2 protein chains.
Amino acid sequence: MIPENHPRYHSLIVRETLARYAKEEIVSLEGLSAHGRGEAFDYLLGERTTESALIAEKTAAAFLISAKNPVISVNGNTAALTAGVLKDLQEASGAKVEVNLFHRTEARIQKITGLLLKSGVSVLEGNAERLLPLPHDRAYCLREGIYTADVVLVPLEDGDRCQALREMGKDVITIDLNPLSRTARTATLTIVDEVTRALPNITGFCKNLNQGEARELKESHNNPKLLRDAIEEMKKRLGDALD
Amino acid sequence: MIPENHPRYHSLIVRETLARYAKEEIVSLEGLSAHGRGEAFDYLLGERTTESALIAEKTAAAFLISAKNPVISVNGNTAALTAGVLKDLQEASGAKVEVNLFHRTEARIQKITGLLLKSGVSVLEGNAERLLPLPHDRAYCLREGIYTADVVLVPLEDGDRCQALREMGKDVITIDLNPLSRTARTATLTIVDEVTRALPNITGFCKNLNQGEARELKESHNNPKLLRDAIEEMKKRLGDALD
């Protein structure tokens, strides 16, 4: 039991939630460490959506609503943290949802799919094939999903896979709290924000943007600037600690 | 299997190691997240021992070798990552080793003690009592260990416990990659470095310092300066990413 007056109560409760999902094998044990990495960068952002991240979320909505075949790639951490809000994003964006895992086992695919279905998310199912130019199991995806998608939203993605998807000519939107990561630098659009804050924001923008605004946002988007903004926020917070 | 050419191979392998220890219940699931947090700050340090951290490690050796009853407090993550090098530190410093857990169960205490004994570490055993001024199980420690220690080395410590030990008048040395944490700011001496790099350095200094040098290091140590140095290093690395 975490005492409620512990200064890091919220963060410790999220950790406990993820630990519970890890026991159910929805979250991988390595996913718990990956989450911790994100927590630290979020701490440096002040655990809030920055102005710049909000622009990235609006731009993500623009990419999704104007895509031909948008797909949201969901891994264990994303399912554990966002199953409750994914249904709304799927409805607002018209995107397919595909389960795609770094630590892939059929059992985990089934459990994560079950969790998403229970939350009202429509999940692509079928025979995954080795269709991505990557070594080992990370190559697997569905032909009617990620393989033929023009826009892929991959929250919490691995750098290798992000790069492979870009090389296939897709627009990749990632949600990554580390603005220095390879994923962040390789993606078409990087949202430097915590995933449970980011997804509802994207959903809201999907509902309100028109096609003209969407086109403008897509044309004017500048990923290096978004990353620079995030880095500046973190430098500022570190600097404040020196005062 | 992590492909060897993955740019984050080392970090992913450490995560796998910790995940394996988590399956054996030596590392707690929450400990995996805590490790990830550290990874992020280490990334910002450039995954190396800074000049300032090396001074902190030398000063830690000074505190240990001049203490009357130095104790090293070991939790699951510390045991999993450093069992192999703790024996040398214990020999060089003359410190007792006590297992002390945030997520405390008798089973975990036994498993961690077993791992340490197998690595040649002498471990204090006995009846832990509620001796620290803290709520719940974190109050437990051994009378002949942490309770009567004058210097406690607590790698990867919780902020609450660090503060309680300080209030009992003890000198607390912590190893914490987050220079902004409550632990880092509360400890007598904070080593902002990765624990597997830090411990062998402290061991080396324990072997080479004489009592005069030790006294000087203790008298001149300046923890706020050590923390400022670490924060400056991180700001610099973030700044470099902007170039």
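The values are calculated or read from the model by the stated rules, or taken from the named source; none is laboratory data. Just so you know, these numbers come straight off a predicted model, no measurement behind them. Positions of Cβ are generated from backbone atoms using ideal geometry, with glycine treated the same way; all protein chains shown enter the neighbour counts. The area values use the complete protein model at the heavy-atom level, side chains included, leaving out ligands, DNA and RNA. Shrake-Rupley method; radii C 1.70, N 1.55, O 1.52, S 1.80 Å.
Of note:
- Those residues of region B:149-172 which are at pLDDT 90 or above and within 14 Å of B:N77 (Cβ to Cβ), in sequence order: B:V154, B:P155
- Single residue of region A:30-74 satisfying the filter (closer than 21 Å to A:Y9 by Cα and polar (S, T, N, Q)) that is farthest from the other protein chains (Cβ to nearest Cβ): A:T49
- Residue count for region B:183-203 under the criterion of being over 21 Å from B:A80 (Cβ atoms) and touching a residue at least 40 places away in the same chain (Cβ under 8 Å): the result is 5.
- Single residue of region A:9-29 satisfying the filter (facing chain B (nearest Cβ under 8 Å) and open to solvent by 30 Å² or more (accessible area, probe 1.4 Å)) that is farthest from A:L115 (Cα to Cα): A:E16
- Pairs are defined by a Cβ separation below 6 Å, a sequence spacing of at least 6 or placement on different chains, a first member in region B:97-109 that is under 14 Å from B:R138 (Cβ atoms), and a second member that is assigned to a strand (DSSP E or B) and of a type in the set (S, T, Y); the pairs so defined are B:E98/B:S73; B:N100/B:S73.
- In region B:62-74, the residues that are closer than 24 Å to B:L101 by Cα and in a helix (DSSP H, G or I): B:F63, B:L64
- Region A:116-139 - residue that is within 14 Å of chain B (Cβ to nearest Cβ) and in contact with a strand residue (DSSP E or B) (Cβ under 8 Å, 6 or more places away or on another chain) and, of those, surrounded by the fewest Cβ atoms within 10 Å (Cβ to Cβ): A:A139
- Selection within region A:219-238 - more than 10 Å from chain B (Cβ to nearest Cβ), charged (D, E, K, R) and open to solvent by 70 Å² or more (accessible area, probe 1.4 Å): A:E219, A:K225
- Filtering A:G36, A:G46 for residues that are of a type in the set (G, A, S) and open to solvent by 20 Å² or more (accessible area, probe 1.4 Å) leaves a single hit, A:G46.
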